[in-house]
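Participant: This is the structure I want to talk about, given as structure tokens.
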Amino acid sequence: MGHRFQKDLRTVNLDSVSQRIREGRLDTSSVITMQALQAAGLLGKKVSSGVKLLGRGASTIQSPVHLQVSEASESARKAVQAAGGSVTTVYYNQLGLRALLKPGWFAEKGRQLPRAARPPTKVGMKFDQVGQLPPKTALPQ
């Protein structure tokens, strides 16, 4: 039982990401979003606050990978950048995260996807961009 406002981030290590890439379950020809990580079986069913990328297995990343996650450790960011890739931290509120990971839920209820929410001012500097629905998966230039 944590603090009331503490974020419950799912963690993903670089070695499991590279393993899914080798298995063909993740496509490196586009940006790998949290939705792609969940589809590859890295996150589980319940993701309440976002995804944090950790640096365990940093030596296994050999090819350029472009990732969008909620947070990333410094070692993970450096390892991905050394391989020629990029890590972008993206802000989604709880409703936006649900729309990203379960877009069919909104269609079943007959609702539209929510608009992107700006991060609170205290944590706004921690993110590179505000999440979009549906997410843009084009590779950065």
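The values are calculated or read from the model by the stated rules, or taken from the named source; none is laboratory data. For clarity, every value in this text was computed on a predicted model and none was experimentally measured. Every residue, glycine among them, receives a Cβ derived from its backbone with ideal geometry; neighbour counts consider all protein chains shown. The area values use the complete protein model at the heavy-atom level, side chains included, leaving out ligands, DNA and RNA. Shrake-Rupley method; radii C 1.70, N 1.55, O 1.52, S 1.80 Å.
Participant: Give me D for region 97-140 in µm² s⁻¹, whole number, from Stokes-Einstein with Rh from the Kirkwood sum over alpha-carbon pairs, 4 °C and 1.567 mPa s.
Facilitator: D, rounded to a whole number, is 107 µm²/s.
Participant: What range in the chain is the longest one free of trypsin sites (Lys or Arg not before Pro) that are in a loop by DSSP and have at most 16 other Cβ atoms within 10 angstrom?
Facilitator: Free of exposed loop sites, the longest segment is 57-110.
Participant: In nm, to one decimal, how far is the Lys122 label point from the Lys46 one, both placed 7 Å along Cα→Cβ?
Facilitator: Calculated label separation equals 2.5 nm.
Participant: What is the set of long-range amide H partners of Thr11 at a cut-off below 5 Å, with H atoms built 1.01 Å from backbone N?
Facilitator: Close amide H contacts, sequence-distant or interchain: Lys52.
Participant: Can you pull the percent of the chain's accessible area that's carbon plus sulfur, 1.4 Å probe, other chains left in place?
Facilitator: 48
Participant: Now, a different point. Past 22 Å, Cα to Cα: identify those pairs from Lys52/Lys126; Lys45/Lys109; Lys78/Lys122, in the order given.
Facilitator: Lys78/Lys122
Participant: Could you tell me whether region 1-43 comes out rounded, prolate or oblate from its Cα gyration tensor? Rule is a ≥ b ≥ c as square roots of the eigenvalues, rounded for a/c under 1.5, then prolate if a/b exceeds b/c, otherwise oblate.
Facilitator: Prolate, because a/c is 1.5 or more and a/b exceeds b/c.
Participant: So how far, in whole Å, is the C-alpha centre of region 76-141 from the one of region 1-35?
Facilitator: Using only Cα atoms, the two centres lie 13 Å from each other.
Participant: Can I ask one more? Can you give the FRET efficiency to the nearest 0.05 for Ser63 and Gln129, using r as the Cβ-Cβ distance and R₀ = 35 Å?
Facilitator: So the FRET efficiency works out to roughly 0.90.
Participant: Solvent-accessible area per residue for the chain at a 1.4 Å probe radius, Å²?
Facilitator: Per-residue accessible area for the chain comes out at 62 Å².
Participant: Give the residues of region 1-44 whose amide nitrogen is closer than 20 Å to a point set 7 Å from the Cα of Ala82 in the direction of its Cβ.
Facilitator: 12-22
Participant: Follow-up. Once the convex hull of the alpha carbons of the chain is built, what does its volume come to per residue, in cubic angstrom?
Facilitator: In the chain, the Cα hull volume divided by residue count equals 129 Å³.
Participant: In the neighborhood of Trp105, defined by Cβ-to-Cβ distances under 9 Å, what is the net charge if each Lys or Arg adds +1 and each Asp or Glu adds -1?
Facilitator: +3
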